[in-house]
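Q: Before I ask anything, here is the structure I am working with.
The values are calculated or read from the model by the stated rules, or taken from the named source; none is laboratory data. Predicted, not measured: the structure shown is a model, and the values here were computed from it. Positions of Cβ are backbone-derived with ideal geometry, glycine not excepted, and every protein chain shown enters the neighbour counts.
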Amino acid sequence: MAAAGYSIPRRSPGWLYGAATDLLLGAGLAYLLSVPLLVSLAAGFGIADWSLEATLLLGLAISTPHYGATLLRVYGRADDRRRYAFFAWWISAGLLFWFAAGLHSALLGSAFVTLYFAWSPWHFAGQNYGLALMFLRRRGVEVAPGPKRCLYAAFGVSWLITLLVFQSGSPAPAFAPDFSTGQVDYEVLRVGIPTRLAALWAPLLVLAYAGLLAAAAVGLRRAGAGARDLALPGLLALTQSMWFMVPACAAVWGQRIQGLAFTAVWASIAHSIQYLWVTSYHARRADASTRLLPYYGRAVLAGCAIQAVPALVFAPYLLGTVSWTGGLGILVFSFVNLHHFVLDGAVWKLRDGAVARLLLRGDAAGAPSPRAPASGLGRGPRALLWAVGVASLCIALLELWDARAARSDDLARVEAAARRLAWVGRERVAVLGRLGDLYDARGSRERAEATWRHALSLRRDPAVLNNLAWQLSVRPGADPGRAAEAVALAEEAVASYGPDDYVSLDTLAAAYAAAGRFDDARRVGERALSLARADRAEMTPRLESRLALYRAGRPYRVGPGVGPGVGPGVGSGLGPEAGPGADRAGGAEGGS
């Protein structure tokens, strides 16, 4: 990408904020250093992914302002709104219309989500490519068309490898999960490239990636670039590889790299840090009065607003039909990101003269004279916008605080959290599942079942399916209709967890016994017991006692008011024995 003819003198230091800051934040060195640390942490403590609270906190502190920084860049000044009007208004309106249509159509919603997942790696690659060029030009390296094309093609190949996995039958990498709901089924649409073909192409693309990077390096060296000049683009290429290429290749070959460093959350955080690093520099160069902390605060408020307003307007109690955990959340997330991708591609071009002056010149001579921001809005509209931002921030903080209720034993605390989340349109199945568990443990059977059923109306969470099926199966006096429902729920839970999950298999066996299908109960119970023994599970004695009942042609029952996870195991057909809820917490949160 050309730099609008600006010549950078060789004496330019090449840094934005300084060597240490630029290396750690801009070139991705902090992320690369975090990989062994997080891998060790995950292995030592058995952590496979970031908790919901950590995800929300990291998102609010880093990802949210990274969206907001683009909004400030495009909508903050009247001249920028006019300059980028096509993208700021017309393309944005088209995305909003598609988002709204996706709430009523599984196909349109799935296409919307698929576009986000397919575009995201390209957006990341484009940012790394642009930063690589920026570093080279700031250090006085004239990038000829040949090396530039090789560098661009290399980052493009890294996206192609990701797209290959994305569209193949390989296990879905972390950045492209399936998302299904109880009301509307959204899924990542795939053309179904054969896994064997993907496994054949992947190493060829890896070789092409390495070859293109080597060709770019040779061309840059011939143009006079030194080893230090190439170090920064090299770090960015390595970061890009760790974000997408390594996990994608592993997925092609039937593996899935585990560890906190390779999750979509952490890659997104590293990308967002890069973005805030360069956009904050641009903002300070464009207006000398800009201070980092107020700028960050405005970006947080703007980012909160772009996420909260569509979720509120299209909540089921207003214009929408799908709950937050039932699909609205992933559609909002896709809309925010696609909108960000479109605006980002429009405003950050090194061939743009204004951008080139601010990002490519290493001396102060190229900076424009300080000027006060001119939004073109009156005091009233500005106050309204910031009020919306503050209210949106409060919703984000409320969601972060109430997400903790999913592990609380305080019934009043969980009830209050469920009410507040419902009020702001952010009901979470994890919180409702926990609320049902607490009702059941206190003997409120009807309230527990009603809460679990409401949770399942939002999303077919397997843990909630399992808990409701268990209670329908083991309560005394269960009628045939409830037993049949228990079987259907338990079979759905087993289908979600897989055939080797002895907890859900135990529930299914109890449901079969409640329905009088004792042959099926014995068969499933024996498999659950075998798996539990192999895993040396603590619930093995309880499985043995239940299996003895099924072999005797008797269903398993528990006393009234006793929920899963309460009391010691007993050998009779009626007693307060612990159920599956003792071995897996109900209402595990998934999705967005």
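Q: Does at least one position in segment 478-495 carry a residue that is in contact with a strand residue (DSSP E or B) (Cβ under 9 Å, 6 or more places away or on another chain) and surrounded by fewer than 24 Cβ atoms within 10 Å (Cβ to Cβ)? Spell out how you get there, then give the answer.
A: Going residue by residue through segment 478-495, those that are in contact with a strand residue (DSSP E or B) (Cβ under 9 Å, 6 or more places away or on another chain) are 478.
Filter once more, keeping what is surrounded by fewer than 24 Cβ atoms within 10 Å (Cβ to Cβ): 478.
Checking segment 478-495: at least one residue is in contact with a strand residue (DSSP E or B) (Cβ under 9 Å, 6 or more places away or on another chain) and surrounded by fewer than 24 Cβ atoms within 10 Å (Cβ to Cβ).
Q: Please specify each residue of segment 191-200 satisfying the condition of being under 21 Å from Ala118 (Cβ atoms) and surrounded by fewer than 16 Cβ atoms within 10 Å (Cβ to Cβ). First the steps, then the outcome.
A: As a first pass, look at segment 191-200 and keep what is under 21 Å from Ala118 (Cβ atoms): 191-195, 197-199.
Val191, Gly192, Pro194, Leu197 - these are the residues of segment 191-200 that are under 21 Å from Ala118 (Cβ atoms) and surrounded by fewer than 16 Cβ atoms within 10 Å (Cβ to Cβ).
Q: Kindly provide the set of residues from segment 201-253 that are surrounded by fewer than 18 Cβ atoms within 10 Å (Cβ to Cβ) and either on the phi > 0 side of the Ramachandran plot or of a type in the set (D, E, K, R) (or both), ordered by number.
A: Arg221, Arg222, Gly224, Arg228
Q: Of everything in segment 431-447, what is small (Gly, Ala, Ser) and surrounded by fewer than 24 Cβ atoms within 10 Å (Cβ to Cβ)? Give them in sequence order.
A: Passing the criteria: Ala441, Gly443, Ser444.
Q: Looking at segment 540-552, is at least one residue in a loop (DSSP other than H, G, I, E, B), at pLDDT 90 or above and either surrounded by 17 or more Cβ atoms within 10 Å (Cβ to Cβ) or in contact with a Pro (Cβ under 8 Å, 6 or more places away or on another chain) (or both)? Working first, answer last.
A: Of the residues in segment 540-552, the ones in a loop (DSSP other than H, G, I, E, B) are 552.
With the extra rule that they be at pLDDT 90 or above, the set shrinks to 552.
Now drop any that are not either surrounded by 17 or more Cβ atoms within 10 Å (Cβ to Cβ) or in contact with a Pro (Cβ under 8 Å, 6 or more places away or on another chain) (or both), which leaves none.
Checked segment 540-552: no residue is in a loop (DSSP other than H, G, I, E, B), at pLDDT 90 or above and either surrounded by 17 or more Cβ atoms within 10 Å (Cβ to Cβ) or in contact with a Pro (Cβ under 8 Å, 6 or more places away or on another chain) (or both).
Q: Let me ask something additional. What's the number of the only condition in (1) among the aliphatic types (A, V, I, L, M); (2) modelled with pLDDT under 80; (3) under 15 Å from Ala302 (Cβ atoms) that Ala364 fails to meet?
A: Looking at each condition in turn, Ala364 falls short on (3).
Q: Identify the single condition in (1) at pLDDT 85 or above; (2) loosely packed, with under 15 Cβ neighbours inside 10 Å; (3) over 31 Å from the mean Cα position of the chain (by Cα); (4) among the small types (Gly, Ala, Ser) that Ala412 does not satisfy, given that it satisfies every other one.
A: (3)
Q: Are there any helices (runs of 4 or more DSSP H) wholly within segment 191-301 with 2 or more residues that are farther than 24 Å from Tyr31 by Cα, assigned by TED's automatic domain parsing to the domain that holds Cys150 and free of Cβ contacts under 8 Å to residues at least 60 places away in the same chain, and if so which?
A: Details: elements: 195-222, 227-240, 246-252, 264-286.
Hits in segment 191-301: 195-222.
Q: Helices (runs of 4 or more DSSP H) wholly in segment 73-166 with at least 1 residues that are under 25 Å from the mean Cα position of the chain (by Cα) - which ones?
A: Working: elements: 78-83, 92-102, 106-138, 145-166.
Once the helices (runs of 4 or more DSSP H) in segment 73-166 are filtered for at least 1 residues that are under 25 Å from the mean Cα position of the chain (by Cα), what remains is 92-102, 106-138, 145-166.
Q: Only one of (1) assigned to a helix (DSSP H, G or I); (2) under 27 Å from the mean Cα position of the chain (by Cα); (3) more than 14 Å from Val342 (Cα to Cα); (4) modelled with pLDDT under 95 fails for Pro65. Which number is that?
A: Every listed condition holds for Pro65 apart from (4).
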